[in-house]
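Structure record follows, encoded as structure tokens.
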Amino acid sequence: VKRPSLAFLAALLLAALPVDSSQEQRLVFRARADLVVVDVSVFAGDTPVGGLTATDFQLSDNGVPQRIELVSTDAVPADVSLVVDTSASVVNDTRRFWEEVRRISGMLRPGDRLGVTTFATQIRQVLPMAPVPIEVTSGPISAVGHSAVFDALVQAMLRPGVPDRRRLIVAFTDGLDNRSVSDPARLVEVAVRSDGLLNIVLTAGRAQRVLSDAAHATGGEVLRSTGGVAEMSQKVLDRLQRSYLLQYVPEGVPRSGWHELRVTVAKPGTFTVRARRGYFGG
Amino acid sequence: VGNLNIAGLLTSRGTSLAWLVLALLLGHQPQANPTDDVRELLDSYARGNFDAAVHAALPPGPRRLKALRSELEHTASTWIRDASSDNVHRRRVVVAAFVLEVAHAFLIDGGPPGLSRNESLEVRRQLQGMIEWACDLLRREGRPTPLERLWFLASLEFIAREMGDFRFVHGGRGGIVNDMPVTVPGHLAHARRRFPDEPRFRLIAAERSTLYVEGRMVKNGRTVTDAEYADLQKRAAAVRSWQRLPSFGLPTTTGRATARPGLAELTAANEARVLAGLKQAAEELRSLEATESLREEVHLHLGAIAMIFSQPDGARRYFDNIERSTASRCVAYLGRFLRGRVDELDGRLPDAERGYRAALRIVPRAQSATTALAGLLWLNDRRSEAIALIDDQLSEEAVMTDPWASFLTGGCSEWPTFIAALRAGLQ
């Protein structure tokens, strides 16, 4: 079976964001076929932990400790995919929706790209991935129909990352799926192997286990909505501003097959560390 | 708006401007007489100008829909009364068909884009009221006629298969009005009272038990073996025994016999009920296999039910029957798509791929087969093929409704067939 190239994994990077002072000593991202880049968020309770250095992290690849470097997120442009459920109460005003998209475009940096997909019964790419600032023309956003949440997330996560760019998926949904052909197991399976970092903004209802499993498998999380699409997108970007990019060249492990990753913080205290669970080596 | 001097405008040279402002404020376009307009539209429809009359009647937005309904109900009664006695029945059917087509055109063929959720619900409520009014108009007649049968067939395809309005089809609680629960009379019951022997109405009745259940279980890959089914029935019987106790609904005492079943037992009891409904539906569906016009649709359901009850070989046989013979694109697609699904669940991945690809040859870019196939390929390290499929799907608007959506709401719509037959009957 042909394995995907490790170059794919070099695509999971962030950056639509200014760099905080604690990250200034970080190394510049260097794209290499054998390089693995891992997006890591660290929390103490619900509070993101900043100011960590490379020596504060321990990373093992299939149980083998690796020598890691901290990469400056500033060096890595972002591809941001908005995936918006229009069957729920997320969007009930078409004009306002496009205004929110314009605001999100304004939050991103030159060099970043933005794409928008909506879904109810049908998944529609209303804005193909394009460099910001984007020329958004208004278009109809239907708010009727069933809801293909899992299919929309699967389709978003199947898309490959572009080498040297971080791929971020921000999904807005109430999580109620009644239309998909993808089952919960498929959603998580795809999430585990996806190049994208999935963050889900839950607009209503309770967080289903499968949604948090999928988001966590990519290193992302589920947030409860407290505002509009643009406001919550800003919140996701703010949280990611305090995340870390670790890179390493795998040593002591065969290149091909599934690589299970384990990332911990080697500092006193209780931390929650979010990072992808692994990758397939090529 | 409050600062506009409408009276001043009316008494000045700006009279026509004032009327325009008033009309805009009221959400109406200036028109001579709504009643005359409706009569003209009904006359035009009766003369066979079906599309033109329907499109001329389409209200520009949800607010005007309510007004149109009111105008129709007011004018149509007079229009029918004005007919000669041998033409009254035809005029009733004309009115009912016109209402049905306007509702269909408004909801399915377009309607105003960008409706909010509340507006969508209000539109559905208005359309439901219009169709029920038309239904009542026909039911008032003495003996059912072939034209009325076609109207009921078309209306049920629309409501059940295209609107997916389960409550409107089968009846049930329709919310609370003035603190009292409202029960919606099922449209299917009206049809079956008038045409008790119509096989298609029996099919739609059987779909009450398969609706959503088949789709959900097929999607989730939930299958049940005979042993699991027997165990679920046993647990359901235990829950029923508890519900029959005199203390049911009262605070529990210390006795073991009145201990409340846990959530797991209640869930099992519910699943047992749903599965028993599927078994019962399968019996009814098998009795319809002999009806030629329904056979493929019946096989879709029976195949899905066989898949759920862990009989993949039986499911494949049903789906393969469909592959050989059907004329409906929607049914043909679903036969191949579900064949792919049963093969995937059964671990026969090359066969599953063949099934999904065959489905996509029938309805190119259909979202369901595209997503299923892309996921399958991607997880088997055929990423570029998977992504090409999704790119192709998103590159254009879907050419037709994804049949999987129809399957979730009952089955494939035969609206075009029945509305065409109804039109032909009115000519």
Check your understanding: Classify region B:329-427: rounded, prolate or oblate, from the alpha-carbon gyration tensor (a ≥ b ≥ c, eigenvalue square roots; a/c under 1.5 rounded; otherwise prolate if a/b is larger than b/c)?
Key -> prolate
Check your understanding: Label B:ASN87 and B:TRP133 with points 7 Å out from Cα along Cα→Cβ: what is the distance between them in nm?
Key -> 2.3 nm
Review point. Using 7 Å Cα-to-Cβ label points, what is the A:ALA266/B:ASN220 separation (nm, one decimal)?
Key: 4.5 nm
Check your understanding: When the label point is put 7 Å from the Cα of A:GLN58 along its Cα-to-beta-carbon vector, which residues of region A:253-267 have a backbone N closer than 18 Å?
Key -> A:260-267
Exercise for review: Extending each Cα 7 Å along its Cβ direction at B:ASP320 and B:GLN427, get the distance between those two points in nm, one decimal.
Suggested key: 4.2 nm
Study note, to complete from the structure: Residue separation between B:ALA420 and B:ALA105 times 0.36 nm, minus their alpha-carbon distance, gives in nm 112.0 nm
Practice item. Just rank A:PHE150, A:PHE271, fewest to most, by other beta-carbon atoms within 10 angstrom. Key: A:PHE271, A:PHE150
Exercise for review: Could you list the residues of region B:303-343 with an amide nitrogen less than 18 Å from a label point located 7 Å from the Cα of B:ASP231 in the Cα-to-C-beta direction?
Suggested key: B:308-311
Check your understanding: If you rank B:THR417, A:THR270, B:THR78 by fewest surrounding Cβ atoms within 10 Å, what's the result?
Key -> A:THR270, B:THR78, B:THR417
**Study point:** Normalised contact order of region B:368-421, rounded percent, pairs of Cα under 8 Å and 6 or more residues apart
**Key:** 26 percent
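Quick note: the coordinates plus some simple rules give every number you see, no bench work behind them. Quick caveat, the model's predicted, so the values are computed rather than measured. Positions of Cβ are backbone-derived with ideal geometry, glycine not excepted, and every protein chain shown enters the neighbour counts.
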